[in-house]
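Reviewing the structure listed below.
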Amino acid sequence: MTAAITANLPVFIIIAPLFVAFVLPTLAQRMRLVENLVISVEALMLFGACYLASIVLFQKGIPIIYQMGGWSAPWGIELKVGSLGAFFLLVIAIVSLPIALFARGNLTFEVGGKERRARFYVLYLLLVGALAGMALTNDLFNVYVLVEVATLSCCGLVSARNHPRAAKATFTYLILATLGSCLVMGGIGFIYIVTGHLNMGFASQELGRIWQNNPRVVWMAFSFMLVGFGVKSALFPLHVWLPDAHSVAPSPASAILSGLAVKGYLICLLKVLYNVFGHTLMQTYSVHKVLVLVGMVAIIAGSISALTQDDLKRRLAFSTVAQVGYIFLGFGLLNTKGLAGTLFYLASHAVIKSTLFLSAGAMLAVTGKKNIKDLSGIGRKMPVTTAAFTVSSLGLIGIPLFSGFVGKWHLLLGSFESDNILSVAVIIAGSVLCAAYLFPIIRIAYFESAPEKDWKDPNVPQKLALILLSIVIVVLGVVPGSLLELAGRAAAELLVLQ
Amino acid sequence: MSILIKKLIINYPYFAAFIIFSIGALTVLKRSNLFKKLIGINIMESAIFLMFVASGNIRGGAVPISNNNNPQSLYINPLPSALMLTGIVVSVSVTAFALALILRLYRSYGTTDLRRISEMGNEVAE
C-alpha cells in the first residue's frame with residue numbers, strides 16, 4: 001500500500017487538490033469541514049513535496065519519471081520530478097499552506113457568505129493543483145491545459161470579490177490571458193509542426209537535429225512562446241491587466257496570484273526555453289539578450305510605476321511587475337550561478353510577496369482604507385502585522401539575512417560572470433527603488449501618530465500565517481541550505497541539456 | 001515572388017489561419033464592446049485550431065481507422081484533431097465564464113461598452 005502511494009506520489013500530488021476542489025461545493029453548508037479539508041490537503045502536499053525533494057536531492061540528479069496510465073514517453077504524458085519540479089513543488093506547498101490558513105480568518109470580509117467562501121476554496125485548490133501540474137509536467141500540450149486551468153481559476157479568484165470593479169478587472173484579465181494562451185498554443189503548434197513531438201525531451205532532441213530545415217518556424221515558436229507567457233506573467237509592456245486584477249482581488253487571492261500564479265507561468269516558460277529549445281538554440285536566436293533587455297526595462301519601469309502609486313495594494317502589484325523583470329533578466333544570463341539565483345529569487349519572492357499582500361490585506365481589513373497615508377501609526381496598534389510587513393519589505397529590498405538577499409546576490413554574481421555590467425547596475429538600482437517605495441510605508445506605520453481608533457491585530461489563523469511566512473523569509477535568508485542546493489542543481493540540469 | 005505565391009497556395013490553411021488570427025486579434029484590441037471582444041477571442045482560437053488541424057493533414061492520406069481487408073500506406077495524423085478537442089472545451093469554458101462576467105458588469109453598470117465602464121469606474125467604486 002505504502003509502496004503504491006510513494007510510486008504514484010507525483011500524480012497524487014496533482015490529483016489530490018483537484019479532487020478535493022470538486023468535493024467542496026457539496027459541503028458548502030459545513031464551512032469548518034471545508035476549511036479543515038483545504039488545510040489538510042495543503043499539509044499533505046507539503047509533506048509529499050518534502051518527500052519528493054529529499055528523494056531528488058538524495059538521488060543526485062536522476063529524475064523520477066512517472067508515466068500516466070503506463071504509456072511510455074513519445075505517446076503518453078510524462079511527469080518528471082527533476083530538481084526544478086521538486087523545487088517549484090516545494091515552493092508551492094510552502095506558500096499556499098499559510099495563505100489557506102490566512103483565508104480561513106479573513107474571507108468573510110471581502111468574499112461574503114458560506115456559498116461564496118466555499119467557491120473561493122474550490123478555485124484556490126484548482127489553482128494549486130494546476131500549479132503543481134506545471135511544476136511536474138514534461139509534456140507541451142499538458143502545459144497548455146494546466147495553464148488554462150490556472151488562468152480560469154485565477155480569473156475566478158479575482159472576481160470572488162463582491163464588487164463591480166472586480167468584475168471589470170477580471171474581464172480585462174480574462175481577455176488578455178486568453179490572448180496569451182492562444183499565443184502559447186500557437187507556439188506549441190509550431191513546435192509540434194517542426195518536431196512531431198509533444199514530449200519535451202523528444203521535441204528537444206528533434207529540434208536540435210532539424211531546426212535548420214525550418215528556421216523561421218522555430219523563430220515564430222520562440223516569439224509566440226515569449227509573448228504568450230510574457231502576457232501571462234505580466235512582463236512589463238504586457239502587464240496592463242495585473243495592477244487592477246491583483247489590487248482588487250480578495251487579499252488571500254492577491255497573495256497567491258502575485259506570489260505563485262505568476263511564478264507558475266514563469267516556470268513553464270523556463271521549461272519551454274531550456275528543456276525544449278535548449279540554451280544553444282537560445283544563443284543562436286539571441287533570445288537570451290532579449291530576455292535580459294526586457295527584464296531590465298521591466299525592473300526600472302515597474303519600480304518607477306510602483307513609486308507613483310498611493311494605493312497600498314496597487315503599489316505592491318506594480319512591485320510584482322518589477323520583480324518579474326528580475327526573473328526574466330536571470331533567465332537570460334545563461335550561467336549556473338545566475339540561473340540558480342533566479343530560481344531562488346523566484347522562491348523568495350513568492351514567499352515575500354504573499355506576506356506583503358497578506359499583511360496589507362489585514363491592515364486594509366481593519367482600517368477600511370486603501371491609501372498608504374491612512375496607515376499612520378498602525379505599527380503600534382497592529383504589531384504582528386506590521387512586523388511581518390517590515391520583515392518582508394526588508395526581504396524584497398534584499399537586506400542581508402533575509403531571503404531576497406541570497407537570490408539577488410547570486411543574480412549579481414551571475415551578471416558579473418556574463419560580463420553584463422549594465423544588468424548589475426540595473427539590479428542595484430532596482431533595489432534602491434524598491435527601498436524607495438517600501439520604506440515610506442514602514443515610516444508612516446511606525447513613526448507617525450495613530451488616530452484614536454480601535455485597530456487590533458487580526459485573529460489567530462491570520463497571525464499564525466503571517467508569523468509562519470516571516471519565519472520562512474528569515475530562515476531562507478540565514479540558512480538557504482538545501483533549497484539553494486536544489487535551485488543550483490536545477491540550474492545545472494537546465495544548462496547541461498544538449 | 002512566384003515561389004512565395006506557390007508556397008502560399010500549397011500552404012493555404014496556414015495562410016487562412018494567419019488571416020483569421022489577425023482579424024480576431026484586431027477585434028479584441030480595437031472594439032470596446034465586451035461581446036465583440038469575446039467574439040474576437042473566439043475567432044483567434046478558431047485560427048489556432050485550424051492551424052493545428054491542418055498540421056495533421058497529409059495529402060492523399062486515409063482516415064486513420066485501421067482496416068485489415070483494405071490496408072492503406074498513408075494515414076492522416078489524428079493527434080492534432082484530438083488535441084483541438086481539448087482546445088475547444090477550454091474555449092467554451094472561457095466563453096461561458098466571460099459571458100457570466102458580462103452579465104454581472106451589465107447589471108452593475110448598465111452598459112456593455114468597456115470605455116463607458118472605465119469612465120464610470122470611479123463613480124461606482126466603493
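The values are calculated or read from the model by the stated rules, or taken from the named source; none is laboratory data. Not measured: the values here are computed from a predicted model. Reconstructed Cβ throughout: ideal geometry from the backbone, glycine too, with neighbour counts over all protein chains shown. Note: areas computed on protein heavy atoms with side chains; ligands, DNA, RNA excluded. Shrake-Rupley method; radii C 1.70, N 1.55, O 1.52, S 1.80 Å.
Along the Cα-to-C-beta direction of A:Trp219, a point sits 7 Å from the Cα; which residues of the stretch A:261-292 have their amide N less than 12 Å from that point? Output list for this probe position: A:285-286.
Is there a simple number for the mean count of other chain Cβ atoms within 10 Å of the Cβ of residues in B:28-38, and what is it?
Working: counts 5, 3, 0, 0, 0, 0, 3, 0, 0, 6, 4.
Averaged over the peptide's residues, the number is 2.
As a ratio to 2.2 N^0.38 Å, the alpha-carbon radius of gyration for the stretch A:172-299 is 1.11. Please say if chain B is rounded, prolate or oblate, where rounded means a/c under 1.5 for a ≥ b ≥ c the square roots of the C-alpha gyration tensor eigenvalues, and otherwise the choice is prolate for a/b larger than b/c and oblate otherwise? Since a/c reaches 1.5 but b/c is at least a/b, the shape of chain B is classed as oblate.
For the stretch A:2-496, what mean projected area does the convex hull of the alpha carbons give, in nm²?
Values: hull surface 84.3 nm².
Mean shadow area of the hull around the Cα atoms is 21.1 nm².
Listed by chain and number, the aspartates and glutamates whose alpha-carbon sits under 14 Å from that of A:Lys80, ignoring those within fewer than 8 places in the same chain, are A:Asp139, A:Glu493.
Taking 0.36 nm per intervening residue step and subtracting the Cα-Cα distance, what contour gain separates A:Lys456 from A:Ala43 on full extension? If you can, show how the numbers build up before the last one.
On the way: separation 413, 0.36 × 413 = 148.68 nm, distance 2.87 nm.
145.8 nm is the gain from fully extending A:Lys456 to A:Ala43.
Name the shape class, rounded, prolate or oblate, that the alpha-carbon gyration tensor gives for the stretch A:395-476, where a ≥ b ≥ c are the square roots of its eigenvalues, rounded holds for a/c under 1.5, and otherwise prolate holds if a/b is larger than b/c and oblate otherwise. Provide the component values of the computation, followed by the final result.
Working: a/c = 4.79, a/b = 1.85, b/c = 2.59.
Oblate shape, in that a/c is at least 1.5 and b/c is the bigger or equal ratio.
Averaged over the residues of peptide B:110-118, the number of Cβ atoms from other protein chains lying within 10 Å of each residue's Cβ is 1. Under 5 Å from the amide H of B:Tyr75 lie the amide H atoms of B:Ala62, each residue being 5 or more positions distant or on a separate chain, with H modelled from the backbone and absent for Pro and chain starts. Of interest is the spacing of the C-alpha centroids, which for the stretch A:123-172 and the stretch A:431-498 amounts to 24 Å. Report the Stokes-Einstein translational diffusion coefficient (µm² s⁻¹, integer) for the stretch A:228-351, Rh taken as the Kirkwood radius over Cα pairs, at 20 °C with viscosity 1.002 mPa s. Stokes-Einstein gives a translational diffusion coefficient of 148 µm²/s. Partner shielding of A:194-201 amounts to 1, given as the average count of beta-carbon atoms from other chains within 10 Å of each residue beta-carbon. Computed from Cα positions, the angle between helix A:83-110 and the longest principal axis of chain A comes to roughly 30 degrees. The figure for A:Arg443 is an accessible area of roughly 120 square angstrom, using a 1.4 Å probe on the protein chains alone.
Working ranking of peptides B:36-44, A:239-247, A:477-485 by packing, defined as the average number of other Cβ atoms within 10 Å per residue, highest first, is A:239-247, B:36-44, A:477-485. Within the same chain, lysines fewer than 8 places from A:Lys373 are excluded, and of the rest, those with a Cα less than 26 Å from its Cα are A:Lys313, A:Lys353, A:Lys381, A:Lys453, A:Lys456, A:Lys463. Distant-in-sequence amide contacts of A:Asn199, defined by a placed amide H-H separation under 5 Å and a gap of 5 or more residues or a different chain, comprise A:Leu140.
Note on B:Glu119 and A:Thr284: the model spin-label points, each 7 Å out from Cα along the C-beta direction, lie 5.3 nm apart.
If you take the square roots of the eigenvalues of the alpha-carbon gyration tensor of the stretch A:88-155 and sort them as a ≥ b ≥ c, do you get rounded (a/c under 1.5), prolate (a/b over b/c) or oblate? Judged from the Cα gyration tensor, the stretch A:88-155 comes out oblate (a/c at least 1.5, b/c at or above a/b).
Dipole magnitude of chain A about its Cα centre, charges +1 at Lys/Arg Cβ and -1 at Asp/Glu Cβ only, in debye to the nearest 20?
Details: 34 positive and 20 negative charges, 172 e Å.
Its charge dipole is roughly 820 debye.
Here is the P(r) of the stretch A:10-127: all C-alpha pair distances, binned every 5 Å from 0, give 2, 12, 19, 19, 16, 12, 9, 7, 4, 1 in whole percents.
Which percent of the accessible heavy-atom area of the stretch A:2-496 goes to carbon and sulfur, probe 1.4 angstrom?
Carbon plus sulfur share of accessible area: 68 percent.
State the dimensionless ratio Rg/Rh of the stretch A:145-211 (Rg: radius of gyration of Cα atoms; Rh: Kirkwood radius). In the stretch A:145-211, Rg relative to Rh is 1.22. Among the trypsin sites (Lys or Arg not before Pro) within the stretch A:342-426, those in coil by DSSP and having at most 14 neighbouring Cβ atoms inside 10 Å are A:Lys369. Buried area at the A:B interface is about 3000 square angstrom, summed over both chains, from accessible surfaces computed with a 1.4 angstrom probe.
Given the alpha-carbon gyration tensor of the stretch A:68-200, what are the semi-axes of its equivalent ellipsoid in whole angstrom, ordered largest first, with each equal to the square root of 5 times an eigenvalue?
On the way: eigenvalues 200, 77, 22 Å².
Its equivalent ellipsoid spans semi-axes of 32, 20, 10 Å.
Across the stretch A:178-192, coupling constants 3J(HN,Hα) worked out from phi with the 6.51/-1.76/1.60 Karplus curve, θ = phi - 60°, read 5, 4, x, 6, 4, 5, 4, 5, x, x, 4, x, 4, 4, 5 Hz, and Gly and Pro carry x.
Can you give the FRET efficiency for A:Phe58 and A:Arg116, using 1/(1 + (r/R0)^6), R0 = 51 Å, r = Cβ-Cβ distance, to the nearest 0.05?
Numbers: r = 44 Å, r/R0 = 0.86.
Taking R0 as 51 Å, the efficiency between A:Phe58 and A:Arg116 is 0.70.
Couplings 3J(HN,Hα) of the stretch B:49-57, computed from phi: 4, 4, 4, 4, 5, 4, 5, x, 6 Hz, in residue order, whole Hz [Karplus 6.51 cos²θ - 1.76 cosθ + 1.60, θ = phi - 60°; x for Gly and Pro].
Hey, what number do you get for the protein assembly as shown at 222 nm if only DSSP H runs of n ≥ 4 count, each worth -39500 (n - 2.57), divided across all residues, to the nearest 500?
Values: 27 runs with 472 residues, N = 624.
That calculation yields -25500 deg cm²/dmol at 222 nm.
Treating each Cα of the stretch B:1-61 as an identical point scatterer and summing with the Debye formula, the log10 of I(q)/I(0) at q = 0.18, 0.22 Å⁻¹ comes to -0.67, -0.82. Across the stretch B:104-111, rounded Karplus estimates of 3J(HN,Hα) from the backbone phi angles (6.51 cos²θ - 1.76 cosθ + 1.60, θ = phi - 60°) give 5, 5, 5, 5, 8, 10, x, 8 Hz, Gly and Pro being marked x.
The label-point distance for A:Gln212 and A:Ala436, in a model that sets each label 7 Å from Cα toward Cβ, rounds to 5.0 nm.
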